Amino acid sequence: MTEPVDAVRRFFRMETGANLPPRYNIAPTQEVPIIRRRDGGSELVMVRWGLIPFWAKDARIGNKLINARAESIADKPSFRAAFRARRCLVPADGFYEWRKQADGSKQPYRITPAGGGLMAFAGLWERWKQNDVSVDSCTIITTEAAPSIAFIHKRMPVILQPEDYDAWLDDGGLEFLQPFSGPLDHVRVSGHVNRPANDDPACIAPLKD
């Protein structure tokens, strides 16, 4: 998420919310911004990426639950309670996918809305408590890749249409979890992004042919 926080607030019609320093490479288990319902309105908060079910004995289960498949989300024990009651938006201005090469290596791509700007992934959030510890966490819902980027990877985050943001937060429903039909841009980026410790503009710099 490289967009200024003021741009995020305007796009999602938020008056207040967490400060968002520029991030170029957010890795699982790190904090990500989400938008969720609170007291009849919406709030922008930072939560852990990797959903910890409320019934989990060990928080480390969240390390394996960074994504939730749209096809099974309503029935899978890890996600079904959050799907019914704790949906969220995950604001972003791009995401990475890796294309497997003939030599077995993987080429990273950065995928963005056509022409740039912001978008929102469909997500779920959960609150896990054990003794005096409380952790809010989230997962990103995935579906089949849009035709324009299917050559890179067969899966991608569910990108919601802006007119569906409120309905997703309020009512949810599998009907929102469809492959994206809008235009997307994609560029090859360097393996610099493969290391979670690297979080700088070099991560999103297009590779030169």
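The values are calculated or read from the model by the stated rules, or taken from the named source; none is laboratory data. For clarity, every value in this text was computed on a predicted model and none was experimentally measured. All Cβ positions, glycine included, derive from the backbone under ideal geometry; neighbour counts span all protein chains shown.
Of (1) at pLDDT 95 or above; (2) farther than 22 Å from G62 by Cα; (3) of a type in the set (A, V, I, L, M), V135 satisfies all except one. Which?
Evaluating V135 over (1) at pLDDT 95 or above; (2) farther than 22 Å from G62 by Cα; (3) of a type in the set (A, V, I, L, M) leaves (2) as the failure.
Tell me which residues, restricted to the range 80-101, are touching a residue at least 24 places away in the same chain (Cβ under 8 Å), assigned to a loop (DSSP other than H, G, I, E, B) and either over 17 Å from P28 (Cβ atoms) or more than 15 Å from the chain's Cα centre (by Cα) (or both). Explain how you work it out, then say what you get.
Here is the first cut: in the range 80-101, the ones touching a residue at least 24 places away in the same chain (Cβ under 8 Å) are 81-84, 86-99.
After this cut, where a residue has to be assigned to a loop (DSSP other than H, G, I, E, B) as well, the list is 86, 93-94.
If the condition is that a residue be touching a residue at least 24 places away in the same chain (Cβ under 8 Å), assigned to a loop (DSSP other than H, G, I, E, B) and either over 17 Å from P28 (Cβ atoms) or more than 15 Å from the chain's Cα centre (by Cα) (or both), then R86, D93 are the ones that fit.
In this structure, is M14 assigned to a loop (DSSP other than H, G, I, E, B) and within 22 Å of T143 (Cβ to Cβ)?
Details: assigned to a loop (DSSP other than H, G, I, E, B): yes; within 22 Å of T143 (Cβ to Cβ): no.
Against the criterion (assigned to a loop (DSSP other than H, G, I, E, B) and within 22 Å of T143 (Cβ to Cβ)), M14 does not qualify.
For residues in the range 102-119 being in a strand (DSSP E or B) and in contact with an Asp or Glu (Cβ under 9 Å, 6 or more places away or on another chain), which is nearest to M156 (Cα to Cα)?
Quick first cut of the range 102-119, residues in a strand (DSSP E or B) only: 106-113, 119.
Filter once more, so that each one left must be in contact with an Asp or Glu (Cβ under 9 Å, 6 or more places away or on another chain): 108-113, 119.
On the way: P108: 14, Y109: 12, R110: 12, I111: 10, T112: 12, P113: 13, M119: 13 Å.
Among residues in the range 102-119 that are in a strand (DSSP E or B) and in contact with an Asp or Glu (Cβ under 9 Å, 6 or more places away or on another chain), the one nearest to M156 (Cα to Cα) is I111.
For the range 135-160, which positions are of a type in the set (S, T, Y) and closer than 23 Å to K100 by Cα? Outline the logic, then answer.
Going residue by residue through the range 135-160, those that are of a type in the set (S, T, Y) are 137, 139, 142-143, 148.
T142, T143, S148 - these are the residues of the range 135-160 that are of a type in the set (S, T, Y) and closer than 23 Å to K100 by Cα.
Is it true that some residue in the range 171-192 is in a helix (DSSP H, G or I), in contact with a strand residue (DSSP E or B) (Cβ under 7 Å, 6 or more places away or on another chain) and closer than 14 Å to Y109 by Cβ? Before you say what the answer is, go through the steps one by one.
Taking the range 171-192 first, the residues in a helix (DSSP H, G or I) are 171, 174-176, 191-192.
Those left that are additionally in contact with a strand residue (DSSP E or B) (Cβ under 7 Å, 6 or more places away or on another chain): 176, 191.
Those still in the list that are closer than 14 Å to Y109 by Cβ too: 191.
So far as the range 171-192 goes, yes, one or more of its residues are in a helix (DSSP H, G or I), in contact with a strand residue (DSSP E or B) (Cβ under 7 Å, 6 or more places away or on another chain) and closer than 14 Å to Y109 by Cβ.
Are any residues in the range 169-182 at pLDDT below 95 and either of a type in the set (G, A, S) or closer than 14 Å to M156 by Cα (or both), and if so, which ones?
G172, G173, Q178, P179, F180, S181, G182
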